[in-house]
Amino acid sequence: MSGEIWSIAVDAPLGPLHYLVPDGFDRSVVGPGHSVLVPLGKRKVAGLMLRKEPNAPEGVKLKAALQPIPERPPLSATYLQWLEWVSRYYVYPLGQTADLIFPPLPKGGGRRKSKKGAVVKPSTGQTDHSVNLTETQQAIVETISPVGAQDKPEFQTHLLFGVTGSGKTEVYMELIARVTAAGKQALVLVPEIALTPQLIERFARRFGDDIAVIHSHLTPREKTDNWWAAVNGEKSVLIGARSALFCPLPRLGIIVIDEEHESSFKQDESLRYHARDSAVMLAKLNQIPIVLGSATPSMESWHNATSGRYRLHRLPQRAKATQLPSVEVIDMRATRDRDRQLGSREDGRPFWASQQLLTAISETLERKEQAALFLNRRGIAQSVVCPVCGHSPDCPNCAVALTLHGRSDLICHYCDYHESLREHCSKCHDGEPKPLGLGTELIERDLTRLFPEARLLRMDRDEIQTREDLEHAISAIENREIDILVGTQMIAKGLDFPGLTTVGMVMADVAFNLPDFRASERAFQLLTQVAGRAGRHLHDRAGRVLLQTYNPDHPSIRFTLAHDYEGFAAYELEFRKPLDYPPAGRVAAIKFMGPSHDETEHAAFTVAQMARKMVASLEGKETEVFVLGPAPAPLAKLRNQYRFQILLKSHGPGSPISSLCRTLSESLAHRISPKVKVGFDIDALHLL
Ligand code: ADP
Ligand code: ZN
């Protein structure tokens, strides 16, 4: 058989392979970026054509590509280049990376074009421009996208730093309007949880039905229809969660990432990409501006913005004249009560609630307003705190919280440092450190007892499992069918309820005691966000926020109290520098998962040894890499799989970590048990 030889990225855990594209193939569907069906072993898999090769590798009998895949439109050269970057950087097979692009179903056949199943209801055609931008907003728009610049756009990453309600979304919409007026498209990424009907309606008021929406809760048909509407260029604005980044917009003119600090932009499994960082690369390759917005930027973005790599824009004030909430810190280190830590006090007050909090709730109820209590439940039972002084044991090497394994084993899951849980606190020698065990169910039960008249709603992963659940809950709160809301941090994100005037953080410590070097950053973001929920629509007074904690002096608390993000960032960056944590250095995790403890641990040791050998051969301080572990993951066993991890940490920002992991991944075959799954997590965010 004669034909051309092409290297093709196959949808399998392999690198690209060579195939013969026979002469009989339709020439109009042969070229870089086209998809073809190819044989692989006994299967037929999708393949993405990369480039024509002069000859086949020696001794390989070429197989022939089978047929084109017409429902996969060809990708542009720029898009293909971006995809190759994503695959290389995040150490994930290109063919499997490419598979994220395409919609789940064939294009909607026969039906009216994409209207059906579209999430955005065609509005009346009336669009709304009622807001006149303030001078500050206008100046920011002019800098990012001066009129006419859409014809000769340039790449620049902009960080829009402004408190919630400061008018960032209005800035995005004006920028998008300019881009769409010039015939280009805009991509807007928001965290899944913030992609509410309220947000979409707001964009629909401005852009009518020129909007497509993609998120993980659409039906396959809806997703496919929205995807095509954007890829056909029929819709100019694509709003989506993380995965919408993979929708290949043909006339991309601007990218907006709202709440850029949100860790949900990082995918946790298979291709562990960061949508923000990958979007910056996409903007660069397309030579277009990208805007990152946040009230609490990630340390990485803040560092980039203050060092001149990104351009910083500030929106320091709320657009509407509402006051920032008043934040009160309540010290829970009540020594008198310590012996009754785990039960109710005599007056019937549950151990988790201060008198101030309960009073605040009843005052709120009397005014017929709403109160919300937040509990950060992630990792809750693993951190240990002294109820007298608030001290939590942390690793002397890594400065992260130790996690409790079994009854009394404290472990650093970065470097595998061990110590035993002592009976008395090593700092105050008085209190008895205990795991922070508390759940939303318990809080709900106590509240029902204390406020029998109040209508309660619990929002956590058990109660809210589908998007419908979430939307029902939201409208119940909006319609004032709920008086007290109890929830995990999922309710802290971006929601905006007019009746909500009082917010309590039940145990702020859980947030900063997470075994993660980013715990303080997350806690600051969470506390600020939680605080931002209160009294957003009050004009005569400020909303009220109560933070209960065992560590009233913790920086995350201190700076939240002062509404001082920049102070916090300066403090936090100084703390990380000597430890080489990002953004000073870089980190990656290599994750091991297997059904047998010993096999999984052995694999982790083998790979750590390989990594140490490779690292030893690197030269120069700038490329210095440290290999920590292996250590058990903080969740050492999950769904019957044992989990270990190795942490790689580099000294400088010009890090060889990604290429090191790539080399490792290519040399793993036959060295470790095939039952152990290995995943690379470059710029790891979730170390749990
Ligand atoms: P953010 O995205 O920073 O949270 P928004 O853009 O949602 O802020 O603005 C908060 C509120 O203020 C919205 O109701 C918005 O319509 C209003 N707003 C923003 N900018 C202006 C402006 N220039 N004039 C009047 N209202 C504005
Ligand atoms: Zn350690």
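The values are calculated or read from the model by the stated rules, or taken from the named source; none is laboratory data. Given the structure is predicted, the values throughout are model-derived calculations rather than measurements. Because the Cβ atoms are built from the backbone with ideal geometry, glycine has one as well, and the counts that use them run over all protein chains shown.
Within region 282-324, the only residue that satisfies the criterion of being in a loop (DSSP other than H, G, I, E, B) and closer than 30 Å to Cys386 by Cβ is Thr296. Taking (1) under 21 Å from Arg242 (Cα atoms); (2) in contact with a strand residue (DSSP E or B) (Cβ under 7 Å, 6 or more places away or on another chain); (3) surrounded by 20 or more Cβ atoms within 10 Å (Cβ to Cβ) in turn, Ala9 satisfies each apart from (1). Is it fair to say Ser617 is hydroxyl-bearing (Ser, Thr, Tyr), in the same structural domain as Ile672 (by TED's automatic domain parsing) and either within 16 Å of ligand 2 (Cβ to nearest atom) or in contact (Cβ under 8 Å) with a residue 40 or more places away in the chain (or both)? No; evaluated as a whole, the condition is false for this residue.
Could you say whether any residue in region 77-95 is within 37 Å of the chain's Cα centre (by Cα), more than 21 Å from Leu285 (Cα to Cα) and outside any loop (DSSP other than H, G, I, E, B)? No, that holds for no residue. Looking across region 386-405, the residues that are within 15 Å of ligand 2 (Cβ to nearest atom) and among the small types (Gly, Ala, Ser) come down to Ser392, Ala399, Ala401. The single condition among (1) at pLDDT 85 or above; (2) in contact with a Gly (Cβ under 9 Å, 6 or more places away or on another chain) that Gly567 does not satisfy is (2). Against the test of being in contact with a helix residue (DSSP H, G or I) (Cβ under 9 Å, 6 or more places away or on another chain) and either in the same structural domain as Lys368 (by TED's automatic domain parsing) or within 16 Å of ligand 2 (Cβ to nearest atom) (or both), the options Arg449, Arg458, Arg445 yield a single qualifying residue, Arg458. Yes or no: region 414-422 includes at least one residue that is more than 16 Å from ligand 1 (Cβ to nearest atom), at pLDDT below 85 and among the charged types (D, E, K, R). Looking through region 414-422, none of the residues is more than 16 Å from ligand 1 (Cβ to nearest atom), at pLDDT below 85 and among the charged types (D, E, K, R). Looking only at residues in region 243-281 that are assigned to a loop (DSSP other than H, G, I, E, B) and among the charged types (D, E, K, R), the one that is farthest from Ala98 (Cα to Cα) is Glu259. Within region 392-410, the set of residues being surrounded by fewer than 17 Cβ atoms within 10 Å (Cβ to Cβ) and either in contact with a Lys or Arg (Cβ under 9 Å, 6 or more places away or on another chain) or part of a loop (DSSP other than H, G, I, E, B) (or both) comprises Pro396, Asn397, Ala399, Gly406, Arg407, Ser408.
Number of residues in region 472-493 that are surrounded by 15 or more Cβ atoms within 10 Å (Cβ to Cβ) and touching a residue at least 24 places away in the same chain (Cβ under 8 Å): the value is 14. The set of residues in region 558-602 that are within 26 Å of Val615 (Cβ to Cβ) and of a type in the set (A, V, I, L, M, F, W, C) comprises Leu573, Phe575, Leu579, Ala584, Val587, Ala588, Ala589, Ile590, Phe592, Met593. Once region 325-371 is narrowed to residues that are over 35 Å from the mean Cα position of the chain (by Cα) and modelled with pLDDT of 80 or more, the residue that is surrounded by the most Cβ atoms within 10 Å (Cβ to Cβ) is Arg349.
Quick grid of which residues meet (1) under 23 Å from the mean Cα position of the chain (by Cα); (2) aromatic (Phe, Trp, Tyr); (3) at pLDDT 75 or above:
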{"site": "Asp460", "(1), (2), (3)": "yes, no, yes"}
{"site": "Gln465", "(1), (2), (3)": "yes, no, yes"}
{"site": "Ser475", "(1), (2), (3)": "no, no, yes"}
{"site": "Asn479", "(1), (2), (3)": "no, no, yes"}
{"site": "Thr488", "(1), (2), (3)": "yes, no, yes"}
{"site": "Leu495", "(1), (2), (3)": "yes, no, no"}
{"site": "Pro498", "(1), (2), (3)": "no, no, yes"}
{"site": "Met505", "(1), (2), (3)": "yes, no, yes"}
{"site": "Asp516", "(1), (2), (3)": "yes, no, yes"}
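Looking at Val147, Val131, which is the one that is within 11 Å of ligand 1 (Cβ to nearest atom), surrounded by fewer than 21 Cβ atoms within 10 Å (Cβ to Cβ), of a type outside the set (Phe, Trp, Tyr) and in a loop (DSSP other than H, G, I, E, B)? From the options Val147, Val131, the qualifying one is Val131.
In the set Thr440, Thr466, only one residue is over 23 Å from Gln548 (Cα atoms) and either aliphatic (A, V, I, L, M) or touching a residue at least 24 places away in the same chain (Cβ under 8 Å) (or both); that residue is Thr466.
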